[in-house]
Every structure is written in structure tokens, then in C-alpha cells.
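I have placed the structure first, in the form of C-alpha cells, so that the comments after it can refer back to it.
The values are calculated or read from the model by the stated rules, or taken from the named source; none is laboratory data. Every value quoted in this text rests on a predicted model; they were computed, and no experiment measured them. Heads up, the Cβs are rebuilt from the backbone with ideal geometry, glycines too, and the neighbour counts pull from every protein chain shown.
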Amino acid sequence: MKVFNNPDVVAKGWYVACPSREIPKAKAKSLTLCGQKIVIFRGEDNQIRALNAYCPHLGTDLGIGKVDGNLIRCFFHHWAFDGDGKCQDIPCQSSIPNKARLQAYMTDEKYGFIWVYPDSKAPFNVAEFDELKGKSLVTSYDQPFERKCHHHICMMNGIDAQHLQTVHKLNIKMDLSLQKNATGNIVDFTLSGEFPNTTPRERLARKLLGDCYEYTMRYADGCVGLLTIMKKVKIIPPLHMIYAYTPLIEGGTRIQPIYVTAKRKGILGYFIARILLLLTKLAYYFLRDEDGKIYDNIQYKPNTILSIDEPLVKYMSYVNQLEPSIWSNNKFSIN
């Protein structure tokens, strides 16, 4: 089955649900994610769990129930379910029917958010930046925004070298290198080049940042983009930004921007981290509105491909080898 740009397919991967702070200990919340109604709750052990939201008894939304220890208890008849989706208690009787269970989902907490994987087990956690692995992180984030096209189309923006010149007026010739991980769910596009030296702006950039420029776009599961900019330049260390994409049931996509940097020691380190997050945010805002004009007004049909579009072709091939999830069959039926 074709996965790329297919509104009927939700690929297996990590989808951002909500900020972690929205679900404190012993609280539950139901929400719609990729067309599927789920309930997320935090037990007394501080662990996050996620299940299909509707009780298998008579269909009450478990999000209006209450957390009981590490169980979620339905508001209607007080049936209680564990994090594996199995009913552990029915107050009116001791025996529990075999069908008294719910689909459970793997969860992860990273970058200040709760992430959900559309299966009870996940082969890997939410993707990381190589430069930040094992480090304590400082994060901030913006309000999510929506685009009218499929998220696979939005995600290609970071590797469309041609549009850097036409839309953003960045006259940089970029060379591409590509690397996949062993499981094939992550692909890194690294684009590098040399700053031109013709206009006053280009000469200033060359003087401040150096002769060469490089950035990496890491794609994970066709739904998360990890962008690293300002690589191999002077003055500024690399800046890290995440785009978390969620397909919407009515079409289009919701995009959650997240800014990430390493935590630094002391008061000076605190301010350096905040300055780097601010610079990352400014870089994002510089590009966002111009790109929005494109992705709110596009009907993607790659009929005439140029050699400069090679990264886009490789990205489409990468997405098409991803595995559809169980949410693909339920996308237009919230149950």
C-alpha cells in the first residue's frame, strides 16, 4: 500500500499528544489523535498510560472517570482498567468477561510532551538528536498550527533546496548526503555548501559565520522532523528544532514546533541556553509564514522532477517503506 501522501494511512510512529504538564499525577484526559479517541492518564507511580477511550461495557468516555492507583476507573459503572487495557475490577461481580479489555498504546515522555505509539509495544523510543544524546535538555515550544495539506508534503520543506533560493532568497548551493538507520524508520538528509560571496549580505554572513554551511534534517517514522541548523559555522553552536506532525481527521495536519538545547551549568549557562532557544525560535519564525503560503495552497503532483529534486524523491521512497498502523483502518471512525 502506498503510504506517502495517503490520507487513509497512519504509519507506525510516535505522535505528539499533549504537553506533559496537562496531565499531572492521578489525572486523566481524553483526546483525539490521528482520528482515534484515546484516554491518557498518569498513575500514582507517575507513569503515563494510554488506552482506547471508550469503556467496552457501555461506551462511556474514560476521560471523565478517575485514576485509582495505577488504574483508570469508568465514571458510569466503575469498571477499572490497567495500562495494558485489561479490566481488573467490576464492582458488581467478581468474574471479569474476556472481552472486558481495551487496546493499549505505548507512551513516551520527551521534550516536555507525551507521545503515543499506535500499538501496545514500540520497537524504539521517540527520536533524538545525535549531538544531544545522554545530555540533560532544556526545551520550549510554540502553539501548534495547522496546514491544509498532508503532513508528508509539509515535511519535505526542509530538504527542498530549490525553494531556499526562490522563496527565502537564500542563494546557497547545497550538496546532499543521505543516511538511513538499521531499521529504516529514520533517515538523515544532510545538506552542505559554501556561502556565496557576491552581495553585501552574503559577504557579511561569510564573515560572521565562516565559509561553509551545513544542516541536517532527521526524519523519524514519517511524522517527526528533527532539524539541526548552524552546523560547522563560527560563533553560534548548532540549533535544534523539532516538528511533530499529526494528521487531522478532517484533512490537513497539525504541526507542533519544539525548540531544544543542552542544559548548561550555572547562571551563565542558564542564560546561554535561553538565548539559544530564542535564536532557534527566531529562525523558525523567519521561515514559517513564507512556507505557509505554499502548503496551504498546494495539490501535490510531482509530474516533472528535476535533478535538484533528488532529496524529495528519496524522501518519498523512504516514506513508502514505512508500515501502516492499526489506526489506518479507524482513521475516519472515532471509536
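Candidates 102, 164: the one that is assigned by TED's automatic domain parsing to the domain that holds residue 48 and among the aliphatic types (A, V, I, L, M) is 102. Looking at residue 38, is it among the β-branched types (Val, Ile, Thr) and surrounded by fewer than 17 Cβ atoms within 10 Å (Cβ to Cβ)? No. Looking only at residues of the range 190-224 that are in a loop (DSSP other than H, G, I, E, B) and of a type in the set (Asp, Glu), we find that the one that is surrounded by the most Cβ atoms within 10 Å (Cβ to Cβ) is 221. Restricted to the range 1-97, the set of strands (runs of 3 or more DSSP E) holding at least 3 residues that are over 30 Å from residue 316 (Cα atoms) comprises 28-33, 36-42, 48-52, 66-68, 71-73, 87-89.
The residues in the range 241-286 that are in a helix (DSSP H, G or I), over 18 Å from residue 224 (Cα atoms) and not basic (Lys, Arg) can be counted, and the count is 17.
Filtered by the rule that a residue be aliphatic (A, V, I, L, M) and over 22 Å from residue 220 (Cβ atoms), the range 16-51 gives 23, 26, 28, 39, 51.
Among residues of the range 9-28 that are among the basic types (Lys, Arg), those with a beta-carbon under 8 Å from a residue that is surrounded by fewer than 15 Cβ atoms within 10 Å (Cβ to Cβ) at least six positions away or on a different chain give the pairs 25/44; 25/46. For first residues located in the range 156-167 and surrounded by fewer than 16 Cβ atoms within 10 Å (Cβ to Cβ), partners that are of a type in the set (S, T, N, Q) and modelled with pLDDT under 75 and lie 6+ apart or on another chain with Cβ distances below 8 Å form the pairs 165/171.
Quick one: in the range 225-240, of everything that is free of Cβ contacts under 8 Å to residues at least 60 places away in the same chain and part of a loop (DSSP other than H, G, I, E, B), which residue is farthest from residue 317 (Cα to Cα)? Result: 235. Within the range 128-166, the set of residues being of a type in the set (Val, Ile, Thr) and under 19 Å from residue 248 (Cβ atoms) comprises just one member, 153. Take the conditions more than 30 Å from residue 116 (Cα to Cα), assigned by TED's automatic domain parsing to the domain that holds residue 295 and either surrounded by 14 or more Cβ atoms within 10 Å (Cβ to Cβ) or modelled with pLDDT of 95 or more (or both) and apply them to residue 231. Does it pass? Yes.
Of all residues in the range 8-23, those that are in contact with a helix residue (DSSP H, G or I) (Cβ under 7 Å, 6 or more places away or on another chain) and not hydrophobic (A, V, I, L, M, F, W, C) total 1. Checking 270, 295 one by one, the residue that is assigned by TED's automatic domain parsing to the domain that holds residue 208 and surrounded by 17 or more Cβ atoms within 10 Å (Cβ to Cβ) is 295 and no other.
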